[in-house]
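Participant: Let me begin by handing over the structure; questions about it come next.
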Amino acid sequence: MRKEQTYQWRSLTVGTCYYPEQWDEALWRSDLCRMREAGIRCIRIGEFAWSKVEPEEGKFTYDFFSRFLDLAEELGMKVIFGTPTATPPAWLTEQYPEVLNCRQDGVPYRHGMRRHYNYNSPVYRLLSARIVEAFASHYAPHPAVVGWQIDNELNCETGDFYSESDTDAFRLFLQEKYGTLDALNRAWGTVFWNQTYTAWEEIYVPRTTIHDSTNPHQVLDYIRFISDSAVRFCKMQSDIVRKHCKPGDFITTNGLFGHLDNHRMMDEALDVYTYDSYPNFAFCMTEDPLHAANLNDRRWSRHLTEVRSVCPHFGIMEQQSGAMGWNTRMESPAPKPGQLTLWAMQSVAHGADYISFFRWRTSVMGTEMYWHGILDYDNRDNRKLREVKAFARRLEAIREMAGAEYEAPFALVKDYDNDWDAELDAWHRRLTWQSEEELFIAAQLAHTPMDILYLLRSTEAAELLRYPVLFYPHGLILTEEHAALLRDYVEQGGTLVVAARTGQKDAAGQCVMAPMPGLLAEATQTDVTEGTFVGPADGTVTMDWAGRELDTGVYNEVLALTGPEARVLARYTGSYYAGEPALAERALGKGRILHFGGTFTRDTVRAFLDYLHLSEPWGDVLTLPADCELCVRRKGENRLFFVLNYAATSQTVTLRAPLTDAETGEGAEGTIALRPYEVKIFRS
Ligand code: GAL
């Protein structure tokens, strides 16, 4: 069982990100007063300000932030303090160049950007520990401080580290993992292409190779190692901060980035997790022919779902409030009227209890002068500030719903080994990325709230049994532990859906010499007789499922039944395997397991959701058009229905049962119109 998160916001709270060091001190007071006036109760500061406290090596000066904190206290503003290790000072990298991260070819990343350090440099760890000790011992006791953010966005900018310190640490990591070179050589399959290692010193983090292609088992271990390094770096800092925290204060960091086991980081080092939400990054769904214009930002809900799996009651440390861009990148237009609120409500609807807008005012200098904040350069009140104010008022009306659970009738199962394997194995990636995307889109269009559930070392069947249905599409890497856990879940009453290439690899990422679906074959009572990509020349290969003609996606496996309890639900209707089983179901214990030989498309997912009675689960309470998302949060007897209109046009929702408008307290029934980008919250 995972450990419960150790901090939760008691009421829904609005915040912003502020950089006292970037503004004339004369502005501090009016900034804080205007924030208070807008309903902002908390700010994050300090995460890039190492030199403000240690301007020269070993010389510490605390006055600057002490003055700021005193003012915050006087004006009733709470503060989340950041540790400043994301941006080492120039004196540091100049004096100790070994702290720098490197490109894969060994060239160091230089001063001038951020996150140019590596986690494993002994000097950097030492100097980081010292500055964190200085920040925490000095500022944690201050009454204005309520929480700490470790570093800033661990693994953002890059999740790859190739410095000499990383190679040194990688060797130790491998020695601990494998004990002997023989064991490592076996796990990495080094007999292939004569890669056998005869001394630990011959091993490096992956280096430049022809076609950028290197030993896949080595790369998988390398990503595990990067994750381990980041978690240990975070934990080193949180251990220091924790010594100085006042009771009730919290430690967090802001994510969510790759090559990082965020669940482990949460469980080992943090009290609560925060996320940086920039919905305008989500351009991928513009290619969606059905909803080109508006599924864009809605796609962000998938990331929020992922965050919720790390920490069910999370915060948003940075919520997009303006147009995005650097001087070198033009990212996105300004939010249209209503969109700032829509995106902030999207976070709340998905479980966030703290929403902190990035940033109070747009920077007038530096790389991020086009990453717009609430206020613009002219510092006048504007449309965005009015929206923030109105949003804060709306949140006030439902503030006691902090801690409410997100309700989802099914979950998508994931695990880090498969995430990382799919990153590098193009065959794995194509299947997984497409199936996960299509599952998300189909669930959105069916108004079926979904969760993501990670299989972790601590996961027990009871955690799986919170969901009547689980989809674990392409668990190529399947360990004995996970196979046993999944089987347990099914036997105790769960419905598990697995798809093509399940069980193909072991924990080292090597293919197993056994019939598929490998360690689940006995549970599914199926066998995979053959499998193939569906190439462009094949067109679409469909299957017939009770009269429904459905696309079986980019990879097909031909199934055969191997036991008496399995039965065929659907057969291929195309290609040379027409007539062969494409989908089988086996009742097992109190539950059942469905083995699908294909990969998911949204229509196929819809057929699964229909078959498993998961489509429109709230259809007797309210029905909504495809352009609206439905999220449900429940606390005790109270349930909130968030209806989010992502479209630039108005939409109509029909209430099938009498509800209450959660903000005004007035009764709501019949058809209700939502303006473009409007969010309505109903209470049952
Ligand atoms: C985040 C980061 C912030 C700021 C923002 C806009 O990734 O944490 O410091 O850079 O993006 O680029």
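Participant: Taking the conditions exactly as written (touching a Gly at 6+ places or on another chain (Cβ under 9 Å), among the small types (G, A, S) and closer than 18 Å to T305 by Cβ), does A404 satisfy them or not?
Facilitator: So A404 fits the description; yes.
Participant: Return the residues of segment 232-247 that are more than 16 Å from the ligand (Cβ to nearest atom) and touching a residue at least 60 places away in the same chain (Cβ under 8 Å); say none if nothing qualifies.
Facilitator: R232, F233, M236, Q237, S238, I240, V241, K243, H244, C245, K246
Participant: Modelled with pLDDT under 95 and under 26 Å from L470 (Cβ atoms) - does that describe any residue in segment 612-627?
Facilitator: Looking through segment 612-627, at least one residue is modelled with pLDDT under 95 and under 26 Å from L470 (Cβ atoms).
Participant: Still on this structure, please answer the following. Tell me, please, whether a residue that is surrounded by 18 or more Cβ atoms within 10 Å (Cβ to Cβ) and closer than 27 Å to D421 by Cα can be found in segment 195-202.
Facilitator: no
For every residue, the table says whether it meets (1) of a type in the set (A, V, I, L, M, F, W, C); (2) within 25 Å of L270 (Cβ to Cβ); (3) more than 16 Å from the ligand (Cβ to nearest atom).
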residue	(1), (2), (3)
Q22	no, no, no
P55	no, no, yes
V79	yes, yes, yes
P88	no, yes, no
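Participant: Might you check whether a residue that is within 16 Å of the ligand (Cβ to nearest atom), in a loop (DSSP other than H, G, I, E, B), modelled with pLDDT under 95 and of a type in the set (A, V, I, L, M, F, W, C) occurs anywhere in segment 300-310?
Facilitator: no
Participant: Let me confirm something: among G475, G493, G563, which residue is on the phi > 0 side of the Ramachandran plot and assigned to a loop (DSSP other than H, G, I, E, B)?
Facilitator: Result: G493 is the single residue among G475, G493, G563 that is on the phi > 0 side of the Ramachandran plot and assigned to a loop (DSSP other than H, G, I, E, B).
Participant: If you don't mind, another one. Could you tell me how many of the residues in segment 132-159 are away from the ligand (no atom under 16 Å from the Cβ), more than 22 Å from E268 (Cα to Cα) and among the acidic types (D, E)?
Facilitator: Adding up the residues that qualify gives 0.
Participant: N418 passes all but one of (1) buried (at least 18 other Cβ atoms within 10 Å of the Cβ); (2) in contact (Cβ under 8 Å) with a residue 60 or more places away in the chain; (3) polar (S, T, N, Q); which number fails?
Facilitator: Every listed condition holds for N418 apart from (2).
Yes/no per residue for (1) of a type in the set (V, I, T); (2) closer than 23 Å to S356 by Cβ:
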position: D105; (1), (2): no, no
position: V132; (1), (2): yes, yes
position: A136; (1), (2): no, yes
position: A140; (1), (2): no, yes
position: Q149; (1), (2): no, yes
position: F161; (1), (2): no, no
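Participant: Could you list, ordered by first residue, the pairs with Cβ atoms under 6 Å in which the first is in segment 364-387 and charged (D, E, K, R) and the second is at pLDDT 95 or above and assigned to a loop (DSSP other than H, G, I, E, B), at least 6 apart or interchain?
Facilitator: Filtered contacts from segment 364-387: D376/T362; K384/S321; K384/I374.
Participant: Quick check on my filter: what residues within segment 353-395 are of a type in the set (A, V, I, L, M, F, W, C) and more than 16 Å from the ligand (Cβ to nearest atom)? Give the derivation first.
Facilitator: Residues of segment 353-395 of a type in the set (A, V, I, L, M, F, W, C): 355, 357-358, 360, 364-365, 369, 371, 374-375, 385, 388, 390-392, 395.
Hits for segment 353-395 are L385, V388, A390, F391, A392, L395.
Participant: Give the residue, chosen from T214, T180, that is more than 16 Å from the ligand (Cβ to nearest atom), at pLDDT 95 or above and more than 22 Å from F257 (Cα to Cα). Step through it out loud before you land on a result.
Facilitator: Working: T214 fails: at pLDDT 95 or above.
Going through T214, T180 in turn, the sole match is T180.
Participant: Sort out which residues of segment 311-337 are without any contact (Cβ under 8 Å) to a residue 60 or more places away in the chain, buried (at least 19 other Cβ atoms within 10 Å of the Cβ) and away from the ligand (no atom under 13 Å from the Cβ), and write them in order of number.
Facilitator: Residues satisfying the conditions are F314, P335.
Participant: Name the residue that is nearest to Y572 (Cα to Cα), counting only residues in segment 501-529 that are in contact (Cβ under 8 Å) with a residue 40 or more places away in the chain and of a type in the set (G, A, S).
Facilitator: Residue satisfying both the conditions and the ranking: A521.
Participant: Only one of L424, L431, L340 is away from the ligand (no atom under 16 Å from the Cβ), surrounded by 19 or more Cβ atoms within 10 Å (Cβ to Cβ) and in contact (Cβ under 8 Å) with a residue 40 or more places away in the chain; which? Steps first, please.
Facilitator: Details: L424 fails: surrounded by 19 or more Cβ atoms within 10 Å (Cβ to Cβ); L340 fails: away from the ligand (no atom under 16 Å from the Cβ).
Unique residue meeting the criteria: L431.
Participant: Tell me, yes or no, whether segment 91-107 has at least one residue that is in contact with a His (Cβ under 8 Å, 6 or more places away or on another chain), away from the ligand (no atom under 16 Å from the Cβ) and more than 19 Å from T367 (Cβ to Cβ). Quick ask: steps written out before the conclusion?
Facilitator: Residues of segment 91-107 that are in contact with a His (Cβ under 8 Å, 6 or more places away or on another chain), as a first pass: 93-94, 100-101.
Now narrow it down to the ones that are away from the ligand (no atom under 16 Å from the Cβ): 93-94, 100-101.
Now narrow it down to the ones that are more than 19 Å from T367 (Cβ to Cβ): 94.
Scanning segment 91-107 turns up at least one residue that is in contact with a His (Cβ under 8 Å, 6 or more places away or on another chain), away from the ligand (no atom under 16 Å from the Cβ) and more than 19 Å from T367 (Cβ to Cβ).
Participant: Let me ask you something else. Tell me which residues, restricted to segment 60-86, are under 20 Å from E164 (Cα atoms) and surrounded by fewer than 23 Cβ atoms within 10 Å (Cβ to Cβ). Walk me through how you get there before you give the answer.
Facilitator: The first filter runs over segment 60-86 and keeps only residues under 20 Å from E164 (Cα atoms), leaving 85-86.
Result: A86, single match.
Participant: Scan segment 252-274 and give yes if some residue there is without any contact (Cβ under 8 Å) to a residue 60 or more places away in the chain, under 19 Å from P84 (Cα atoms) and outside any loop (DSSP other than H, G, I, E, B), otherwise no.
Facilitator: Within segment 252-274, the subset without any contact (Cβ under 8 Å) to a residue 60 or more places away in the chain is 256, 262, 268.
Next, only the ones that are under 19 Å from P84 (Cα atoms) stay: 256.
Those still in the list that are outside any loop (DSSP other than H, G, I, E, B) too: none.
Within segment 252-274, not a single residue is without any contact (Cβ under 8 Å) to a residue 60 or more places away in the chain, under 19 Å from P84 (Cα atoms) and outside any loop (DSSP other than H, G, I, E, B).
Participant: I'd like the full set of residues that are more than 29 Å from A187 (Cβ to Cβ) and among the β-branched types (V, I, T), limited to segment 489-525.
Facilitator: The answer is V490, T495, V497.
The values are calculated or read from the model by the stated rules, or taken from the named source; none is laboratory data. Bear in mind that the values here come from a model prediction, so they are computed numbers and not experimental data. Please note: Cβ atoms are built from the backbone with ideal geometry, for glycine as well, and neighbour counts cover all protein chains shown.
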